[in-house]
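Down below is the structure, laid out as structure tokens.
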Amino acid sequence: MFGHHGNILKVNLASGDVAREQFDEPFARKFLGGNGLCAKLIYDNVPSDADPLGAENALVFAVGPLTDTPVWGSSRGHAAAISPLTGLLADSNFGGKFATVQKRTGFDAIFINGRAEEPVYLLVTENGAEIKDAAFLRGKDTETTLEALAARQGADSVGMAIGPAGENGVLFANIIGGGKRPGAAGRAGMGAVMGAKNLKAIVVKGSRRTQIADKAGLRAYLRDRLGLLKENSAALHNHGTPILVNLINSRGVLCTHNNARETFAHAEDISGEVIREKYWDKDITCHGCPVACGKNVRATEGPYAGKPVKMPEYETLYALGSMLDNRDINSIINANHLCDLMGMDTISMGVTLSFVAECIEKGIVSEADFGGAVNFADGEGTIDLVRKTAACEGIGAKLARGSWRLAREFGGDACKYLYAVKGLEIPGHSARGLREMSLSYPTSTRGGSHHDGRPKFVAPDSDPDFAPQVEYIRKNQYFTALGDSMVICRFTAEKGFGKMLNEELARVLNHVTGWDMGLDDLETIGERIYNLERMINVRRGVSRKDDTLPYRVMNEPIPDGPARGRCCPQETLDAMLDEYYKLRGWNADGIPTDAKLAELGLK
């Protein structure tokens, strides 16, 4: 097959069994790869009642037909598992170079279940997999781990590893990849899944190249559109995602003080412009990408002062910055790097801290009862709390559980200050200020994720009502499911081809695979994958009751700023859900009907 090798590698860490399975072109046309392949493997192989931290849960790394091709932003891969943070399906699209080299092993997916008795790492080559002793890496941070594995396996190998947070069971631990620009499978605790399996790292090494049906046609097509991509992504190239800080704040939708407000008076201090001017070290890029939105920076103060480290992305500047009323950019740079070393999601970390800080501020829980202080506007204290959380030390053992579980523990009015959906902390795209996100978050299969339905960021003087959002989110979710299955970077897809499915993405896919896909075909694939993900969650108990928003988003209008007065009342959300389910072919409780599943070729 063009674009695919047609191979799945299955590894059981308990028994040591390694098996190769194959799939054919009709299967590839239905699920593509990446997200679709992950969902299919989990649906077929993971019991619906599997403990997320148990041996029956699986962790899947999958690539798509575009991976390791000349298509911009196609060095990305996808990881998925049942999340220990949410108890539901979680998946993450990650950059770097790991996915490119995984594709060169000849395996489109690596499916891992079971649990090793002692710490191990997995070496995957064109010949299959070897389970190797990782006792020498126990307790090591991700940077040290990846450097040690590269030295042992060679410069042509690339790893994905967990740090102490994953080993210690932090429920929002992530997985960090090697390469010049480290990637991260960043959300919902897949690092904790690895830790529970005693799997310290995965290393890939191979040289099989992806066969492309029409390489000359593909290169010519990309050449013609390169100018458009560069024009649309100029701000990302110059400043990276931190360019969003001032932009979003100017529109009154930068969540601040645990989302009590949505304007941050000190946004300029943590902005992309200030980072570029005072802290920038050099541009870095995922393998083969012309956008180069990544940057290295150097803090001028703190434990990592002077060391070139990965720049905090917009989501980190929101979570460790405005949500905590923290204007100290040095503390954010340092805390971000510490999270990377420990292997932790900065969004869940920061939003959990801001939730606890407000609960203490409101008297819902005392510092004495919680075991320590969590304060707003305390950058230096944040760094210490990150360290304690990764170690599950003292107060950190509680923070490691995430805000959803802490809200249940605190009781009383704590749930009113929770900023999460389906157990996953919400990122920096306002659930009440951006009308489309008021529907996107509740219907996301991941919960509080901005990658299942994307923000539009309309003109600041425009306040679109809720009516157009249902069809937009439904269609946009096809786009995100398909992009994560091809696999392609969200930025290069949006800036180079558009924010919705269109004939341009079909042309790209057809050049690679030799297929004759049209727009209707792509929409059907996106719909099939999204329904499959929904069914995984339905089997785990999800229904309409879970498709909801935080209390503050539905009951407390934004108090000030350009978006003053916006919120999404329960009756508005109910009306959107009614229409959304109807358009989806789901019943009134949010369950895909038998007729819809049959239409999509799903059992």
Taking the options A55, A90, name whichever one is under 17 Å from the mean Cα position of the chain (by Cα) and closer than 21 Å to G191 by Cβ. A90
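Restricting to region 570-602, name every residue that is among the basic types (K, R) and in contact with a Pro (Cβ under 9 Å, 6 or more places away or on another chain). Write out each step before concluding.
Of all residues in region 570-602, those among the basic types (K, R) come to 582, 584, 596.
Matches in region 570-602: R584 only.
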Free of Cβ contacts under 8 Å to residues at least 40 places away in the same chain, surrounded by fewer than 23 Cβ atoms within 10 Å (Cβ to Cβ) and under 27 Å from G448 (Cα atoms): which single residue out of A55, A50 fits that description? A50
Residue in region 508-515 that is on the phi > 0 side of the Ramachandran plot and touching a residue at least 60 places away in the same chain (Cβ under 8 Å) present: yes
In region 266-305, which residues are surrounded by fewer than 16 Cβ atoms within 10 Å (Cβ to Cβ) and polar (S, T, N, Q)? T300
Which listed residue is in contact with a Pro (Cβ under 6 Å, 6 or more places away or on another chain), under 25 Å from G321 (Cα atoms) and modelled with pLDDT of 95 or more, from G272, G191: G272
Of those in region 335-357 that are small (G, A, S) and under 24 Å from G191 (Cβ atoms), the residue surrounded by the fewest Cβ atoms within 10 Å (Cβ to Cβ) is S354
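Going residue by residue through region 530-549, is there one that turns out to be under 30 Å from N246 (Cβ atoms) and at pLDDT 95 or above? Break it down into steps so the answer makes sense when it comes.
Of the residues in region 530-549, the ones under 30 Å from N246 (Cβ atoms) are 549.
Right, trim to at pLDDT 95 or above and you get 549.
Yes.
In region 26-58, what residues are of a type in the set (F, W, Y) and either assigned by TED's automatic domain parsing to the domain that holds C489 or in contact with a helix residue (DSSP H, G or I) (Cβ under 8 Å, 6 or more places away or on another chain) (or both)?
Let us first name the residues in region 26-58 that are of a type in the set (F, W, Y), namely 27, 31, 43.
Hits for region 26-58 are F31, Y43.
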Given the conditions (1) among the hydroxyl-bearing types (S, T, Y); (2) over 17 Å from the mean Cα position of the chain (by Cα); (3) not assigned by TED's automatic domain parsing to the domain that holds L320, and given that Y417 satisfies all but one, which numbered condition is not satisfied? (3)
Hey, L406 touching a Lys or Arg at 6+ places or on another chain (Cβ under 7 Å) and either not assigned by TED's automatic domain parsing to the domain that holds D141 or not polar (S, T, N, Q) (or both) or not: yes
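Report, by residue number, each residue of region 260-277 that is charged (D, E, K, R) and in contact with a helix residue (DSSP H, G or I) (Cβ under 8 Å, 6 or more places away or on another chain). Steps first, answer last, please.
As a first pass, look at region 260-277 and keep what is charged (D, E, K, R): 261-262, 268-269, 273, 276-277.
Those that are charged (D, E, K, R) and in contact with a helix residue (DSSP H, G or I) (Cβ under 8 Å, 6 or more places away or on another chain): E268, D269, E273, R276.
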Checking L149 against (1) part of a strand (DSSP E or B); (2) over 20 Å from the mean Cα position of the chain (by Cα); (3) surrounded by 24 or more Cβ atoms within 10 Å (Cβ to Cβ): exactly one of these is not met. Which one? (1)
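With region 61-120 as the region, which strands (runs of 3 or more DSSP E) entirely inside it contain at least 1 residues that are under 27 Å from M535 (Cα atoms), β-branched (V, I, T) and in contact with a Pro (Cβ under 8 Å, 6 or more places away or on another chain)?
Details: elements: 77-82, 89-94, 109-113.
Because the criterion is at least 1 residues that are under 27 Å from M535 (Cα atoms), β-branched (V, I, T) and in contact with a Pro (Cβ under 8 Å, 6 or more places away or on another chain), the strands (runs of 3 or more DSSP E) in region 61-120 that meet it are 77-82.
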Within region 85-125, can you find the residues that are in contact with a helix residue (DSSP H, G or I) (Cβ under 8 Å, 6 or more places away or on another chain) and under 22 Å from G179 (Cα atoms)? D91, S92, N93, D108, A109, I110, Y121, L123, V124
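What do you reckon, is G159 in contact with a Lys or Arg (Cβ under 9 Å, 6 or more places away or on another chain) and either at positive phi or not polar (S, T, N, Q) (or both)?
Working: in contact with a Lys or Arg (Cβ under 9 Å, 6 or more places away or on another chain): no; either at positive phi or not polar (S, T, N, Q) (or both): yes.
Here the answer is no, as G159 does not meet what is asked.
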Looking at I360, I332, I364, which one is of a type in the set (V, I, T) and either closer than 25 Å to N246 by Cα or surrounded by 24 or more Cβ atoms within 10 Å (Cβ to Cβ) (or both)? I332
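Residues that are in contact with a strand residue (DSSP E or B) (Cβ under 9 Å, 6 or more places away or on another chain): which helices (runs of 4 or more DSSP H) entirely in region 220-303 hold 2 or more of them? Steps first, answer last, please.
On the way: elements: 234-239, 244-250, 272-278.
Result: 234-239, 272-278.
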List pairs: first in region 213-228 and within 19 Å of P65 (Cβ to Cβ), second modelled with pLDDT of 95 or more and aromatic (F, W, Y), Cβ under 6 Å, 6+ apart or cross-chain? A213/F2
Would you tally the residues in region 289-321 being over 22 Å from the mean Cα position of the chain (by Cα) and under 17 Å from V386 (Cβ atoms)? 7
Within region 19-39, the residues that are over 19 Å from F2 (Cα atoms), touching a residue at least 12 places away in the same chain (Cβ under 8 Å) and either over 23 Å from the mean Cα position of the chain (by Cα) or surrounded by fewer than 24 Cβ atoms within 10 Å (Cβ to Cβ) (or both) are R20
Over region 162-181, the set of residues surrounded by 24 or more Cβ atoms within 10 Å (Cβ to Cβ), over 19 Å from I82 (Cβ atoms) and either under 16 Å from the mean Cα position of the chain (by Cα) or basic (K, R) (or both) is I176, G177
What number of residues in region 1-56 are of a type in the set (S, T, Y) and part of a helix (DSSP H, G or I)? 1
From (1) over 26 Å from I248 (Cα atoms); (2) touching a strand residue (DSSP E or B) at 6+ places or on another chain (Cβ under 9 Å), pick out the condition that doesn't hold for D369. (2)
Does K132 qualify as being surrounded by fewer than 24 Cβ atoms within 10 Å (Cβ to Cβ) and outside any loop (DSSP other than H, G, I, E, B)? yes
Identify all residues within region 132-178 that are in contact (Cβ under 8 Å) with a residue 60 or more places away in the chain and under 16 Å from Q102 (Cα atoms); write none if there are none. V158, G159, M160, A161, I175, I176, G177, G178
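The values are calculated or read from the model by the stated rules, or taken from the named source; none is laboratory data. Here the structure is a predicted model, which is why all the values come from computation and not from measurement. Positions of Cβ are generated from backbone atoms using ideal geometry, with glycine treated the same way; all protein chains shown enter the neighbour counts.
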